[in-house]
Amino acid sequence: MTVFEDLAESRRQLGEAVAAARRIVFFTGAGMSTESGIPDFRSPGGYWSTRKPIMFDDFCTSREARQEDWRRRYDLADQLAATEPNAGHFEIARMVACGRASHVITQNIDGLHQRAGTPPEKVIELHGNATYATCLSCGLHHGLDDLRPEFEATGEPPVCRYCGGLVKAAVVSFGQAMPSGPMAAAHEASLAADLFVVLGSSLVVYPAAGFPLLARRNGATLVIVNREATPLDAEADLVLEGEIGEVLRGISAG
Ligand code: APR
């Protein structure tokens with residue numbers, strides 16, 4: 001592991017790694033979106049400092065849990081409507097557009113990579129997407145805006161308009177199975193990567209945090225960009241302790 005005190009030297013090293021790479025994969029966490037104004041989960045003042053996770057089983061069995069989950073969904077939807085992708089999202093989108101980066105594997109549910117211009121088929125969402133909902137019984141998609149008036153008028157958690165099943169935002173809750181398609185796509189992209197860049201993740205949540213290790217053990221160069229140390233720093237070729245926007249600015253130009 002190499003950690004430089006001097007950010008300019010770390011950026012130079014990252015620039016060299018980017019210039020030499022043929023197939024870059026970016027792996028993003030909540031730290032990717034803090035510069036857009038969305039708090040992360042585990043920093044002081046983060047999302048989990050004031051709320052408890054709603055477990056998947058509780059969502060399925062408790063009306064109160066479903067009500068709370070839906071309140072949180074609409075709070076996030078309002079927040080996202082007032083949010084824009086940041087410089088880091090745009091830099092990544094440029095690197096995908098010019099073919100340097102093959103994929104973005106993200107734990108984020110905010111859709112900001114897509115809004116910055118990364119094509120949806122290049123964004124592998126491990127923890128789902130908060131911008132729509134699906135029926136847990138039949139899989140039918142539902143728009144959050146379509147469900148909102150009735151939820152706000154009655155307080156009743158939405159049910160499927162087709163089969164009457166429970167409708168849930170299309171995100172992976174704690175205790176819920178990981179989506180098989182994105183897991184397989186992330187596996188394949190990680191194995192094909194020659195440079196794997198982690199951006200803004202505490203790397204404590206598995207199975208997502210297994211992908212940087214998979215890529216590294218398959219021969220990719222592993223770079224971790226995070227404000228603070230992570231448990232996988234010892235496995236990385238280069239660790240940059242800094243702000244993502246500052247680290248990534250103009251990195252593809254070199
Ligand atoms: N630049 C660099 N690092 C940053 C920045 C930034 N601008 N902002 C935050 N960070 C760092 C924080 O220091 C922290 O280590 O990003 C990391 C974010 O970690 P978490 O809050 O744990 O987020 P994440 O790793 O994405 O969490 C994984 O946990 O609760 C679940 O499902 C949720 O997908 C999420 C998963």
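The values are calculated or read from the model by the stated rules, or taken from the named source; none is laboratory data. Fair warning: this is a prediction, and the values are worked out from it, not measured in the lab. Quick reminder, even Gly has a Cβ in these numbers, built from the backbone with ideal geometry, and neighbours come from all protein chains shown.
The table below lists the values:
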item	result
Segment 91-121, residues that are closer than 21 Å to GLU35 by Cβ, more than 14 Å from the ligand (Cβ to nearest atom) and within 15 Å of the chain's Cα centre (by Cα)	ALA93, GLN114, ARG115, ALA116, THR118
Filter pass, GLU228 being surrounded by fewer than 17 Cβ atoms within 10 Å (Cβ to Cβ), at negative phi, within 13 Å of the ligand (Cβ to nearest atom) and part of a helix (DSSP H, G or I)	no
In segment 5-42, the residues that are without any contact (Cβ under 8 Å) to a residue 12 or more places away in the chain and either within 13 Å of the ligand (Cβ to nearest atom) or part of a loop (DSSP other than H, G, I, E, B) (or both)	GLU5, ASP6, PRO39
Single condition ASP145 does not satisfy, out of (1) on the phi > 0 side of the Ramachandran plot; (2) not assigned by TED's automatic domain parsing to the domain that holds VAL104	(1)
Which numbered condition ARG51 misses (of (1) at pLDDT 95 or above; (2) not in a helix (DSSP H, G or I))	(1)
Subset tally (residues that are closer than 18 Å to VAL225 by Cβ, part of a helix (DSSP H, G or I) and without any contact (Cβ under 8 Å) to a residue 24 or more places away in the chain) for segment 199-215	1
Residue check, PHE196 over 18 Å from the mean Cα position of the chain (by Cα), among the aromatic types (Phe, Trp, Tyr) and away from the ligand (no atom under 11 Å from the Cβ)	no
Qualifying residue in segment 58-81 (condition: surrounded by fewer than 20 Cβ atoms within 10 Å (Cβ to Cβ), closer than 30 Å to VAL239 by Cβ and either hydroxyl-bearing (Ser, Thr, Tyr) or within 14 Å of the ligand (Cβ to nearest atom) (or both))	no
Segment 82-92, residues that are aliphatic (A, V, I, L, M) and surrounded by fewer than 22 Cβ atoms within 10 Å (Cβ to Cβ)	ALA82, ALA87
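Conditions (1) basic (Lys, Arg); (2) in the same structural domain as LEU136 (by TED's automatic domain parsing); (3) touching a Phe, Trp or Tyr at 6+ places or on another chain (Cβ under 8 Å), marked per residue:
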site: GLN67; (1), (2), (3): no, yes, no
site: TYR74; (1), (2), (3): no, yes, yes
site: PHE90; (1), (2), (3): no, no, no
site: ARG94; (1), (2), (3): yes, no, no
